[in-house]
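This report concerns only the one structure given below.
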Amino acid sequence: MTTTDITTASVNAHLPQVHEPRNTGVPLDLDWALGAQANTSAIERRCANLPARRSVKKDHQAAWLLKAITMIDLTTLSGDDTAERVKRLCAKAANPVRRDILDALDMGPITTGAVCVYHDMVETAVTALEGTGIPVAAVSTGFPAGLSPLHLRIQEIQESVKAGATEIDIVISRRHVLSGNWQALYDEMRAFREACGEAHVKAILATGELGSLRNVARASYICMMAGADFIKTSTGKESVNATLPVSLTMIRAIRDYHARTGFRVGYKPAGGISKAKDSLVYLSLIKEELGAHWLQPHMFRFGASSLLGDIERQLEHHVTGHYSAAYRHPIG
Amino acid sequence: MTVKEIFETMEYGDAPESAAEALRWLVDNGSRFGHFIGGQTTEVGTTFESRNPATGEVLAHISQASQADVDLAVAAAKAAQKKWEKIGGKARAKYLYALARLVQKHARLFSVLESLDNGKPIREARDADIPLVARHFYYHAGMAQLMDEELPDRAPLGVCGQIIPWNFPLLMLAWKIAPAIAMGNTVVLKPAEYTPLTALLFAQICTEAGLPKGVVNIVTGDGAVGEMIVAHNDIDKIAFTGSTAVGRRIRQATAGSGKSLTLELGGKSPYVVFEDADIDSAIEGLVDAIFFNQGQVCCAGSRLLVQESIAEDFHNRLIARMAKLRIGNPLDKSIDVGAIVDPAQLSRITQMIETSAQSGKVHQPVAAPEGCFYPPTLITGLHGSDSLMQEEIFGPVLVSTTFRTQAEAVQVANNTRFGLAASVWTENINLALDIAPKLAAGVVWVNGANMFDAAAGFGGLRESGFGREGGWEGLQAYTKPIVKGKAVKAPKAFDKPQVLEVEGLDRTAKMYIGGKQARPDSGYSKGVYSSKGKLLGHVGIGSRKDIRNAVEAARGAAGWAKASAHLRAQILYYIGENLSARSDEFAARIQAMTGTTAGKAVQEVTDAIETLFTFAAWCDKLDGAAKPVPMRGVALAMNESLGVIGAFCDDRPLAGLVEVIAPAIAMGNRVVAVASDAYQLAATDFYQVLDTSDLPAGVVNIITGPHDALAETMAGHMDIDAVWSFSSSDISKHIEFESASNLKRTWVNNGMDRGYSARDWLAQSVEVKTVWVPYGE
């Protein structure tokens, strides 16, 4: 693993609290949260339309794809993860793109936004990433179902933070949304946030299990009110993960929350984003609906494992003019 | 910019679509174009320039058609028509199918050429215009295929003169040509002076499709060429899309010519947002509504009505959204707002805003580049009395006002001379489906804007014109019922005899207005005499004021349109029943006035009763439709009443009156009927039947008086929605000409008596409203 190139990177440069006043949360406001509307067909039309409305070509495309890499939470969340597997992933996170390709683009070194692992792998990852400035994110709270006892979920967060995770991806209790128990959802999120301490917390809504976009909007508001630093679509384990309509619904809630409270909450779509072209659409969606301020690793992340590979191929194509092959790029 | 810099700024950069192929096509054609007549390209004549509005560059030199060119084109169309009709729908379908395929094969060339010529963003030409063109030809290939079986009682009109605007050059061509040729008509089409290029490319694919010569003819030029088409004697139908001012002139110019006419004109369509709407989606919908095609859309949602409780927040968010719009080079794929079609149009928009926006606040969050561009604009704080709330701007300018309640929203939305389209945003289905029928518009989009499909009718009412394009209803505009007509003979009432014979007690026949008997405002009456010289009674000589009073009464009876179809049916049956009880009396009256045989008089009464029963039966059976449009949602075609219909009856004293009343009121209209010019007394007897039949006051109003004197008042009255004439007096031209006042629908006999079917009567008694309801949770 070569880390010499990035020794100048400040530690944890990608953490939101380094750049933004952290979302403290606000008192639960059910009139606001439950007043949220989400017209599915109109939202779908906007999403269907957007890729054609914004087209990013040539050098701009290369730059955008490089940016996308810096926003990837490079992830492994498998039952068969081992320490060596995680180390390999961390090495890739520190050197996501072949040096010759970066040189051809006249770009300095870049890294992914973070490495995302289960609690058991946190220490391994932290050690592997030492000196790279890449934060380690842990999925905690009984990931992915979030159905273990509350005190254990809270304890898991604390353990992960203690192990060196500076970002915690929690899962909400979908049953609170589905049964309309908004107070419980708020309290749970508050408790998770508190347990995170200085680590920043991403609230996974598991949108594929919430039943409607309106519920997605409501859950987004409640989690932001309870102090989430990021809201995130999915665990990657639901049958439907990140989609553009879900993303549009969530980022519109983020925009509204910022307008009313002044706090900028980050956004992380996760699961199912595997093509370079898709990542460009997501970035233009963010740029259009939230603004360029959100196009930074401390405000936006992709939860993805195979996206990086496709981006690498596109970058090589951009540099050489020839379509690339997967085996030409080091695996992560 | 280096990759490293872009990495920091995250700007979009350029995404240009190449114009090379389109420019090569122009050069290959010598950059000079003649007309397309009889399958041949004509010699280039006197030319004018077609420019790219985004750059000002000349794209091509286009021929200005002369009268001789137009004559030639019409002659070619006429020569081709009979054979084109005779080959049958299934044979025609193959050509339409080929046209659809060819449009798809040349889709990119059409798109780029359209963008170059018109200034619209390439994305819109590519993703909206051209796919809809192909869809329209596919759809109507199907209509041609089905015509012989499904429309056995209808025939083509003949030669259609079609004049189209510059905002959707090829799409408007498709909307005109596809249904026309599908139904067996041939056409002479004039594209707009600013944007003739895609029509000329279309002419070439007509050749590639092997379309028989003369079926489609395209002549280019300015408004003068349009006038030649409108005035041409060998043209049977004029279809026009464009401004209300020109539409009005065409209405007047074609009056009395026997040409059928459909007009798709301007609009000032309301965009109504309720407080329970998905606000961000409603704002995004406005991008489609008013900034689509630089707002140069007849049905643009140009009048924003926001519920007071959310107005401030809504405006702020809208302005923020507008700030994200990208305006500039139309050939850039990431451009939202392109060029205005021509500097003349730009200065028109600029002037309108500069002179009239004082009372409001103008928001222009993004600047327009140099050249023929106008920035997306919102003007808040306006009221109905501001001219910008009333006049069509035809640019990317949204005007805004507020409302408090649903009732007020309807009132403000309908406070316009136009009636093309409307959008309603609410998450409440009760509200959406309640308000849609109340909006004066031919098209209503629920939680959406500017949705179009070949299967769904499009068109307006009021000064937005008449006729529908698309769907089965659109075929009405290119077919006519197969009916035999014979010239109307004006009967003459019996004169006052030398020696007057009077019998019985004097009976006063009055007019019938608002459910009450009314003396003529003029204070004059005239006698009605029998063949044997008896004075049968006096009838009032109606005047303009009686028409005025009757229209007011009819307008007041608006509740009739909301009465259930079942109730309307019951009342029509009841009228029939009560008439039947007095058959002998009516038959005797008819015989006395007309001198006909007893048998024929009885037959007329029987006919009238049959008519009442027939339309009673129809009340609850003229179904609407759910159109299979290509989206998750439904487009409902709802048959709505027109409102107030003024009708001049033929000279069957009773049956002529009943024939106009029955279908009109069956469909929820109110009627101001002027009784037979020659024999009025049966009509005045008839109001006693109405009085005993539970018909609400004002639904039917009966006037007696000379048709030629009343025609102008009736046809010119701006609170009447349609005028029919079956009169034996020569008033058809007069009616069509005067109807231009508010562009009401007309249905006149032109001196011919035709036996229309119930379906024909019903079609004239309803307005098809298309309500788009996308759904999904």
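The values are calculated or read from the model by the stated rules, or taken from the named source; none is laboratory data. Keep in mind that this is a model prediction, so the values were computed, not measured. All Cβ positions, glycine included, derive from the backbone under ideal geometry; neighbour counts span all protein chains shown. Ligands, DNA and RNA are stripped out before the accessible areas are found, and what is left, the full protein with its side chains, is counted by its heavy atoms. Shrake-Rupley method; radii C 1.70, N 1.55, O 1.52, S 1.80 Å.
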> In what sequence, largest accessible area first, do B:463, B:85, A:130 appear using a 1.4 Å probe?
Replying inline: A:130, B:85, B:463
> How big is the antiparallel share of DSSP beta bridges in chain B, given as a percent to the nearest 5?
Replying inline: 40
>> Sort B:150-159, B:333-342 by the packing proxy (mean of other Cβ within 10 Å over each peptide's residues), most packed first.
In response: B:333-342, B:150-159
>> Counting only other chains, and only Cβ atoms inside 10 Å, what mean value do you get across the residues of A:245-253?
In response: 2
>> Please compute the contact order of segment B:216-354 in relative form: average sequence separation of alpha-carbon pairs under 8 Å and at least six residues apart, divided by the residue count, as a percent.
In response: 17
> So what are the ³J(HN,Hα) numbers for segment B:499-515, from phi and the Karplus equation (6.51, -1.76, 1.60; θ = phi - 60°), rounded to whole Hz, Gly and Pro as x?
Replying inline: 10, 8, 10, 10, 9, x, 7, 4, 10, 9, 8, 10, 8, 10, 10, x, x
> Based solely on its DSSP helices, what 222 nm [θ] is calculated for chain B when runs of n ≥ 4 H residues each add -39,500 (n - 2.57) and the sum is averaged over all residues, nearest 500 deg cm²/dmol?
Replying inline: -12000 deg cm²/dmol
> For chain B, what D do you get in µm² per second when you plug the Kirkwood radius from alpha-carbon pairs into Stokes-Einstein at 20 °C and 1.002 mPa s?
Replying inline: 77
> Karplus couplings for segment B:686-693 from phi (6.51 cos²θ - 1.76 cosθ + 1.60, θ = phi - 60°), rounded to Hz, Gly and Pro as x?
Replying inline: 5, 5, 5, 5, 4, 4, 9, 10
>> Rolling a 1.4 Å sphere over the protein heavy atoms, what is the accessible area per residue of segment A:120-195, to the nearest Å²?
In response: 40
>> Just to check I understand the Karplus step: with θ = phi - 60° and J = 6.51 cos²θ - 1.76 cosθ + 1.60, what whole-Hz values come out for segment B:214-219, glycine and proline as x?
In response: x, 5, 10, 10, 10, 10
>> Below 22 Å, Cα to Cα, which lysines can residue B:94 reach? Residues fewer than 8 away in the same chain don't count.
In response: B:78, B:82, B:83, B:86, B:105, B:176, B:213
> Distance from the Cα centre of segment B:383-415 to that of segment B:67-142, in angstrom?
Replying inline: 36
> What is the sum of charges around residue B:225, taking Lys and Arg as +1, Asp and Glu as -1, for the other residues whose C-beta is under 11 Å from the C-beta of residue B:225?
Replying inline: -3
> Which parts of segment B:522-552 would a label at residue B:496 reach, counting a residue when its backbone N lies under 13 Å from a point 7 Å out along Cα-to-Cβ?
Replying inline: B:525-529, B:535-539
>> Give me the inter-chain shielding for B:271-280: mean count of other chain Cβ atoms within 10 Å, whole number please.
In response: 4
> So which aspartates and glutamates pass the test for residue B:333, namely a Cα distance under 13 Å, with those fewer than 8 places away in the same chain ruled out?
Replying inline: B:14, B:17, B:124, B:127
> Among B:543, B:26, B:290, whose Cα lies farthest out toward the positive end of the dipole of chain B, if unit charges sit on the beta carbon of Lys, Arg (+1) and Asp, Glu (-1)?
Replying inline: B:543
> Using a Gaussian network model of chain A with C-alpha springs under 10 Å, which one of A:135, A:269, A:144 is most mobile by mean-square fluctuation?
Replying inline: A:144
>> I'd like the antiparallel share, as a percent to the nearest 5, of DSSP beta bridges with both residues in segment B:570-676.
In response: 40
>> Given contacts defined as C-alpha pairs under 8 Å and at least six residues apart, what's the relative contact order of chain B, whole-number percent?
In response: 12
> Where does each of B:317-325, B:13-21 land if you order them by average Cβ count within 10 Å, highest first?
Replying inline: B:317-325, B:13-21
> What's the local net charge at residue B:204, with K and R +1, D and E -1, over the other residues with C-beta under 13 Å away?
Replying inline: -1
> To the nearest 10 square angstrom, how much accessible area does residue B:309 have with a 1.4 angstrom probe?
Replying inline: 80
> What percentage of the solvent-accessible surface of chain B, computed with a 1.4 Å probe over protein heavy atoms, is contributed by carbon and sulfur atoms?
Replying inline: 51
> What is the local net charge at residue A:76, summed over the other residues whose Cβ is closer than 12 Å to its Cβ (Lys, Arg +1; Asp, Glu -1)?
Replying inline: -1
> If you place +1 on the Cβ of every Lys and Arg, -1 on the Cβ of every Asp and Glu, and leave all else neutral, what size is the dipole of chain B about its Cα centre, to the nearest 20 Debye?
Replying inline: 1820
> Nearest-5 percent of antiparallel DSSP beta bridges in segment B:166-293?
Replying inline: 0
> Chain pair B, A: how much accessible area is buried, both chains summed, with a 1.4 Å probe, in Å² to 100?
Replying inline: 3600
>> Could you tell me the calculated FRET efficiency between residue B:385 and residue B:545, based on Cβ-Cβ distance and R0 = 45 angstrom, to the nearest 0.05?
In response: 0.95
> Which value in Å is the Kirkwood Rh of the protein assembly as shown over different Cα pairs?
Replying inline: 32.8
> Stokes-Einstein at 37 °C, 0.692 mPa s, Kirkwood radius from Cα pairs: D for segment A:181-332 in µm² s⁻¹?
Replying inline: 201
>> Can you give me the accessible area per residue for chain B, using a 1.4 Å probe, in Å²?
In response: 37
>> Placing unit charges on C-beta atoms (Lys and Arg positive, Asp and Glu negative, everything else neutral), compute the dipole magnitude of the protein assembly as shown about its Cα centre in debye, rounded to 20.
In response: 1560
> What are the residues whose amide H is under 5 Å from the amide H of residue A:116, where those residues sit 5 or more places off or on another chain and H is modelled from the backbone?
Replying inline: A:74, A:75, A:76, A:137
> Of B:380, B:310, B:344, which is farthest on the positive side of the dipole of segment B:247-381, counting Cα position, with +1 on Lys and Arg Cβ, -1 on Asp and Glu Cβ, and the Cα centre as origin?
Replying inline: B:344
> Using a 1.4 Å probe, how large is the accessible area of residue A:249, given in Å² and rounded to the nearest 10?
Replying inline: 10
>> Relative contact order of chain A, please, whole-number percent, based on alpha carbon pairs below 8 angstrom and at least 6 residues apart.
In response: 22
> Add -39500 (n - 2.57) for each DSSP H run of 4 or more in chain A, then divide by its residues: what number comes out at 222 nm, to the nearest 500 deg cm²/dmol?
Replying inline: -14000 deg cm²/dmol
> Which residues' amide hydrogens lie under 5 Å from the amide hydrogen of residue A:169, considering only partners 5 or more residues apart or on another chain, with H built in the peptide plane?
Replying inline: A:138, A:139, A:140, A:202
> Using modelled amide H (1.01 Å from N, peptide plane; none on Pro or chain starts), what sits under 5 Å from the amide H of residue B:272, excluding residues fewer than 5 places away?
Replying inline: B:305, B:423, B:424, B:425
>> For a Förster distance of 25 Å, can you work out the FRET efficiency between the beta-carbons of residue A:29 and residue B:427, rounded to the nearest 0.05?
In response: 0.80
> Other chains' Cβ within 10 Å of B:282-289 residues: what's the mean?
Replying inline: 3
> Could you give the length gained on full extension between residue B:87 and residue B:359, defined as 0.36 nm per residue of separation minus the Cα-Cα distance, in nm?
Replying inline: 91.8 nm
> Given C-alpha coordinates of segment A:262-310, what is the ratio Rg to Rh with the Kirkwood estimate of Rh?
Replying inline: 0.98
> Setting aside same-chain residues fewer than 8 positions from residue B:486, which lysines have a Cα under 22 Å from its Cα?
Replying inline: B:237, B:259, B:600, B:733
> What FRET efficiency would be calculated for the residue pair residue B:46, residue B:415, taking the C-beta separation as r and a Förster radius of 41 Å, to the nearest 0.05?
Replying inline: 0.35
